[in-house]
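Have a look at the structure that comes next, please.
Bear in mind that the values in this text are calculations on the coordinates, not laboratory data. Fair warning: this is a prediction, and the values are worked out from it, not measured in the lab. All Cβ positions, glycine included, derive from the backbone under ideal geometry; neighbour counts span all protein chains shown.
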Amino acid sequence: MVTIHKTNIEKAYDTAKMKAKQLHHPVLLSIVEEVDAVDPLSFYYGGSSFVGERFLWKDRDQTISLVGLGAAHILSTNEIEERFFTVEKEWKRLIEESVVVTGEKIAGTGPLLFGGFSFDPLKSIGEEWGQFSNGTFQLPMFMLTKPGKTNYLTVNFICHPDEEEALFFDRIRVKDELLANARMPIIPEQPQWLQNRDMKPEEWKDSVQSVVSRLKQGEMEKVVLARKCEVSFDAQVSSDFVLDNLWKQQPDSFVFSFEREDSCFIGATPERLVKKSGEEILSTCLAGSIARGETLESDEKLGEELLEDEKNRYEHQLVVESIQDALAPLCETLTIPSSPQLMKLKDIQHLYTPVIGQASEHTSLINLVEKLHPTPALGGVPRDKALHVIREEEDMDRGLYAGPVGWIDAYGNGEYAVALRSGLLQRDKAYLYAGCGIVADSQPESEFKETQMKFRPMLRALGGNIHD
């Protein structure tokens with residue numbers, strides 16, 4: 001990677017073009033500049049000419065938000081065993097040959113890859129997931145980065161050896177138009193909700209009972225089963241109004257949207273898989289859940305009940321041990337509290353244990369993602385046996401649901417969340433997904449009600465009825 005500090009754009013373009021001619025293939029040129037304050041949602045809405053090639057990310061701690069418009073490059077793989085390696089290798093190649101114009105190397109600016117890995121590459125791809133692969137990532141043409149109160153705009157351009165330079169300067173003009181659009185008020189249109197229906201609810205309960213029987217025989221310790229519901233509208237569903245609702249309704253969650261053609265994977269998840277900031281590693285153990293109370297007193301009582309519940313504490317401890325085993329070889333130090341605390345969200349509260357590590361030298365974020373996914377909170381224990389049972393018992397493809405979704409920049413920083421509380425928007429339909437951990441004393445009806453509770457954030461964001 002060639003880093004050019006505070007130079008003119010023409011010189012940077014000439015450098016990238018010369019490099020492309022020397023290498024005989026395209027080279028990435030990335031230009032970062034600080035801009036006046038821009039609202040992330042307004043930048044997303046104002047990029048309507050890029051519908052099908054937009055993404056948005058807001059982290060749970062309100063420390064960074066990212067909005068990407070247009071695809072300078074799509075990195076996609078249907079590899080099964082080597083999908084993480086393939087993405088990492090191609091990203092490193094793109095970065096090593098790039099020309100970056102920036103002042104400081106600020107996390108989340110410059111070349112950045114946003115996207116996700118499917119939950120299980122061995123599962124046949126479901127019809128609704130046809131526009132996503134086992135690993136689907138986007139390098140945006142234009143990207144707004146808000147780390148705190150500062151605003152940066154990155155323009156990414158793939159320079160071909162023999163192209164007309166007018167193409168590049170057209171891109172710069174579009175940047176100015178997008179910034180102007182973001183300052184115009186836009187109210188997203190919302191289609192009319194028609195109905196929602198659970199997909200094969202009785203068959204799902206039968207699957208839970210089947211898994212419980214296998215667990216009692218000692219085949220496994222835990223299996224996570226997921227199901228979906230379908231929501232219908234009178235017109236095409238835009239991610240704009242759903243994002244607007246999620247942003248307002250789920251302030252303590254990761255909010256994300258990832259468009260591919262006429263599909264959009266969107267959600268507000270509470271669960272971090274892993275974050276890398278310099279050498280610091282953060283992860284989250286999130287397993288075990290209960291409803292929120294209608295009063296402060298009942299809410300606290302439910303929280304205490306969860307903290308003392310043997311089934312949920314056991315389920316949670318499986319996740320803690322798994323994440324500890326995955327991260328220990330890659331970290332020089334690892335700090336994990338001895339007992340969980342409560343994470344309280346709008347509709348649900350979870351057992352939560354934060355994990356902080358100091359990375360070993362050259363630890364790769366994508367390698368960390370590979371080691372951690374899927375945690376027992378999404379797959380089960382032991383992992384391989386649980387995944388085998390999920391393939392047998394779940395009558396659907398999870399696609400990106402419960403997979404790692406997030407970003408990595410050119411400097412190795414980034415963050416991936418576990419894509420829970422999420423759904424797929426497609427034309428006039430939305431497919432929502434929710435799951436729960438099944439252990440030997442699980443009851444099918446109780447687990448079904450838990451998934452209904454987990455559908456609520458997305459049902460509410462879609463403008464629907466959240467009552468059971």
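Compute the distribution of all C-alpha to C-alpha distances in the stretch 193-461, in bins of 10 Å from 0, and list the percent of pairs in each, rounded to whole numbers.
Whole-percent P(r) values from 0 Å outward: 7, 29, 36, 23, 5, 0.
If the limit is 18 Å between Cα atoms, which of LYS222/LYS346; LYS58/LYS123; LYS58/LYS146; LYS58/LYS149 go over it?
Long pairs (Cα-Cα over 18 Å): LYS222/LYS346; LYS58/LYS123.
Could you give each residue of the stretch 171-185 its phi-based ³J(HN,Hα) in whole Hz, using Karplus coefficients 6.51, -1.76, 1.60 with θ = phi - 60°, and x for Gly or Pro?
Couplings: 4, 5, 5, 4, 3, 5, 5, 5, 5, 5, 4, 5, 9, 9, x Hz.
Another question, then. Can you give the extra length, in nm with one decimal, that the chain gains between GLU392 and ASP441 once fully stretched, where that is 0.36 nm per residue apart less the Cα-Cα distance?
Gain in length upon complete extension: 15.6 nm.
A further question on this structure: Please give the FRET efficiency for GLU34 paired with GLU304, using the beta carbon to beta carbon distance and R0 = 51 Å, rounded to the nearest 0.05.
E between GLU34 and GLU304, to the nearest 0.05, is 0.60.
Under 1.5 on a/c is rounded, so check that first for the stretch 229-313, then, if it is not, pick prolate when a/b is larger than b/c and oblate when it is not; a ≥ b ≥ c are the square roots of the alpha carbon gyration tensor eigenvalues.
In terms of gyration-tensor shape, oblate.
Which angle from 0 to 90°, rounded to the nearest 10, does the C-alpha axis of helix 9-23 make with the longest principal axis of the chain?
The angle comes out at about 80 degrees.
Something else now. In whole angstrom, how far apart do the alpha carbon centroids of the stretch 183-198 and the stretch 246-267 sit?
14 Å
Quote the charge dipole size of the stretch 64-205 about the Cα centre in Debye, to the nearest 20; the model charges only the Cβ of Lys and Arg (+1) and of Asp and Glu (-1).
Around 660 debye, computed over the stretch 64-205.
Once the dipole of the stretch 1-151 is set up with Lys and Arg at +1 and Asp and Glu at -1 on Cβ about the Cα centre, which of PHE43, THR77, VAL32 lies farthest towards its positive end?
VAL32
Now, a different point. For the chain, what does -39500 (n - 2.57) per DSSP helix run (n ≥ 4), summed and divided by total residues, give at 222 nm, in deg cm²/dmol to the nearest 500? Walk me through the numbers on the way to the answer.
Working: 11 runs with 147 residues, N = 468.
Estimated from H runs of four or more residues: -10000 deg cm²/dmol.
Here's something else I'd like to know. What ranking do GLU393, GLU163 get, fewest neighbouring Cβ atoms within 10 angstrom at the top?
Lowest count first: GLU163, GLU393.
Mind checking which aspartates and glutamates have their C-alpha under 19 Å from LYS200, skipping anything on the same chain fewer than 8 residues away?
GLU127, GLU128, GLU230, GLU392, GLU393, GLU394, ASP395, ASP397, GLU445, GLU447, GLU450, ASP468
Something else: Treating only the Cβ atoms of Lys and Arg (+1) and Asp and Glu (-1) as charged, compute the dipole magnitude of the chain about its Cα centre; round to the nearest 20 debye. Let's see the in-between values first.
Details: 51 positive and 75 negative charges, 106 e Å.
The calculation lands at about 500 debye.
Ordered by residue, what ³J(HN,Hα) values in Hz, to whole numbers, does the stretch 191-199 give under the Karplus form 6.51 cos²θ - 1.76 cosθ + 1.60, where θ = phi - 60° and Gly and Pro are x?
After applying 6.51 cos²θ - 1.76 cosθ + 1.60, I find x, 7, 6, 9, 6, 10, 9, 6, 8 Hz.
For THR102, THR451, THR109, which order do you get if you count the other beta carbons within 10 Å of each Cβ and list the fewest first?
Numbers: THR102 19, THR451 22, THR109 28.
Placing the least packed residue first, the sequence is THR102, THR451, THR109.
Okay, next question. Full-extension gain between LYS344 and GLU219, please, as 0.36 nm times their residue separation minus the C-alpha to C-alpha distance.
Taking LYS344 through GLU219 to full extension adds about 41.7 nm, to one decimal.
Something else now. Taking a 18 Å limit on the Cα-Cα distance, which of the listed pairs LYS248/LYS344; LYS105/LYS276; LYS228/LYS449; LYS344/LYS371 fall beyond it? Don't skip to the answer; put the middle values down first.
Values: LYS248/LYS344 16 Å; LYS105/LYS276 15 Å; LYS228/LYS449 13 Å; LYS344/LYS371 28 Å.
From LYS248/LYS344; LYS105/LYS276; LYS228/LYS449; LYS344/LYS371, over 18 Å: LYS344/LYS371.
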